[in-house]
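S.K.: Once you've had a glance at the structure underneath, I'll fire off some questions.
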């Protein structure tokens, strides 16, 4: 039975004696020595060979993954009503009272998607455009860029998925608890406004080409100023941009050096449960029912009704728009001519039927 220490050879003598044994042992020792030297040389050479083949393609890892508290904060969301302490004007006041962390803002390096393939790039662009549009589509451009920056920050943080769509649609399979509320609150059922969508796409394209919104630094969280979630007190407040307040992780996980996750180069939009989306919309839960939709002065309500292809909405008085109905007594000449032309109908040569206010026609 061979125990692995001596080569098995059924033709060899059972016992070796004299000089033959001594010579064999000597040669074996020399062989082991040469093998040992070869192993040392291989151990020295192997890392450099692997570095050329693999290491440059792998993301750098700094220490262990995020701890329990970081992981818990990573999944915190304003879509969970249990997380909301207060909303409305009271929330705005209390949010203003929370002081900024005072920690110097660090900048995460720009991210470029230029070499990831046409299909991957198109899908990533769609997901990021959706995030910018539905989260901050009517915010100042800095606010839209800030949202895009948070998505890319998360993509490179170990606590989150390492793709653009993975970050945007995280938690979307749930009825509530999605990371970006538009993926589960019914907003996706509404057709985007063309101009705002085009602008959101420009912002998303710039972000995927390396633009960095420095105002929000290493932010991984934000919420609207009209809600106050519990987790706001467990993060470092950075700044308010537009209607959103931005936060970073405290400690080392909020430092720029923590953003080490490599891009997966795999993008896809998960299948959504449209029945749940419609149910939330019908129940009046869209936009969380916790505050004002950006640009509106009143909260959405279940009694609101929109056509499937409606790209409009309520009157946005914050933009100084006012409903104006022409006063007939002040009508312009062109207006009066238009009225005269549309109120006269030729019945036959020489006869004109005038349309009376009641709708009855009399021949003259």
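Computed from the coordinates by the stated procedures, all read-outs in this text should not be read as laboratory data. Keep in mind the model is a prediction, meaning the values are calculated, not measured. Here the Cβ positions follow ideal geometry from the backbone for every residue, glycine too, while neighbour counts run over all protein chains shown.
S.K.: Label-point separation (nm) for residue 250 and residue 265, each offset 7 Å from Cα along Cα-to-Cβ?
M.R.: 3.9
S.K.: Need the full-extension length gain, residue 234 to residue 173, defined as separation in residues times 0.36 nm minus the C-alpha distance. One decimal, nm.
M.R.: Full extension of this stretch gives 19.3 nm more.
S.K.: A follow-up question, please. Determine the gain in length on full extension of the stretch residue 69-residue 94; use 0.36 nm per residue of separation and subtract their C-alpha separation, reporting nm with one decimal.
M.R.: Answer, rounded to one decimal: 6.6 nm.
S.K.: Still on this model: Under a plain spin-label model, where a point goes 7 Å from the Cα along Cα-to-Cβ, how far apart in nm are residue 272 and residue 82?
M.R.: 2.5
S.K.: Let me ask something else about it. What ranking, highest mean first, results for peptides 115-123, 87-95 when packing means the other Cβ atoms within 10 Å averaged over each residue?
M.R.: Those peptides, ordered most packed to least, come out 87-95, 115-123.
S.K.: Something else now. Once every Cα of the stretch 68-292 carries one equal point scatterer and solvent is ignored, give the base-10 log of I(q)/I(0) from the Debye formula at q = 0.14, 0.17 Å⁻¹, two decimals.
M.R.: For the stretch 68-292 at q = 0.14, 0.17 Å⁻¹, log10 I(q)/I(0) is -0.84, -1.30.
S.K.: May I pose another question? For the residue pair residue 194 and residue 282, what label-to-label distance in nm results when each label sits 7 Å from Cα along the Cα-to-beta-carbon direction?
M.R.: 3.2
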